[in-house]
1. Does Ile71 fit the bill of being of a type outside the set (Lys, Arg), surrounded by 10 or more Cβ atoms within 10 Å (Cβ to Cβ) and without any contact (Cβ under 8 Å) to a residue 12 or more places away in the chain?
2. Just to check your reading of the model, which residue among Arg44, Arg18 is over 19 Å from the mean Cα position of the chain (by Cα) and free of Cβ contacts under 8 Å to residues at least 40 places away in the same chain?
3. Could you tell me which of the residues Leu30, Leu61, Leu12 is of a type outside the set (D, E, K, R), in contact with a strand residue (DSSP E or B) (Cβ under 8 Å, 6 or more places away or on another chain) and part of a helix (DSSP H, G or I)?
4. Can you tell me which residues in segment 27-53 are under 30 Å from Trp15 (Cβ atoms) and loosely packed, with under 10 Cβ neighbours inside 10 Å?
5. Which of the residues spanning segment 43-55 are among the charged types (D, E, K, R) and touching a helix residue (DSSP H, G or I) at 6+ places or on another chain (Cβ under 9 Å)?
Amino acid sequence: MFDLDGEARERLIVWIKRRMEEYAITLEELEAFIAESEKLPKYRDAYGNSWNGEGDMPTWLLRYKHAGQDIEHFRC
């Protein structure tokens, strides 16, 4: 996660607000999208296994990890 403070943070907030106005995105729509996206899988393999990143890492992903594969390879 980025650590912004002061002027950089304020500029980012202004930029986000302008994009929301430009594309007619409401705060409620943004909140709903974020809530829904947290349910989406964050990792998926070619066999259809998926994991949203919550709880213990599933065995299918642990097998890849123990075999030396970087799990970021499976990030959606």
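Derivation of every value follows stated rules applied to the coordinates shown; laboratory data play no part. Note that the structure is predicted; figures quoted are calculated from it, not measured. With ideal geometry, Cβ positions are generated from the backbone for all residues, glycine too; neighbour counts draw on all protein chains shown.
1. On the way: of a type outside the set (Lys, Arg): yes; surrounded by 10 or more Cβ atoms within 10 Å (Cβ to Cβ): yes; without any contact (Cβ under 8 Å) to a residue 12 or more places away in the chain: no.
No.
2. Numbers: Arg44 fails: over 19 Å from the mean Cα position of the chain (by Cα).
When all the criteria are applied, what remains is Arg18.
3. Details: Leu30 fails: in contact with a strand residue (DSSP E or B) (Cβ under 8 Å, 6 or more places away or on another chain); Leu12 fails: in contact with a strand residue (DSSP E or B) (Cβ under 8 Å, 6 or more places away or on another chain).
Checking each option against the conditions leaves just Leu61.
4. Result: Leu27, Glu28, Ile34, Ala35, Glu36, Lys39.
5. To start, the set of residues in segment 43-55 that are among the charged types (D, E, K, R) comprises 44-45, 54.
Answer for segment 43-55, where residues must be among the charged types (D, E, K, R) and touching a helix residue (DSSP H, G or I) at 6+ places or on another chain (Cβ under 9 Å): Arg44, Asp45.
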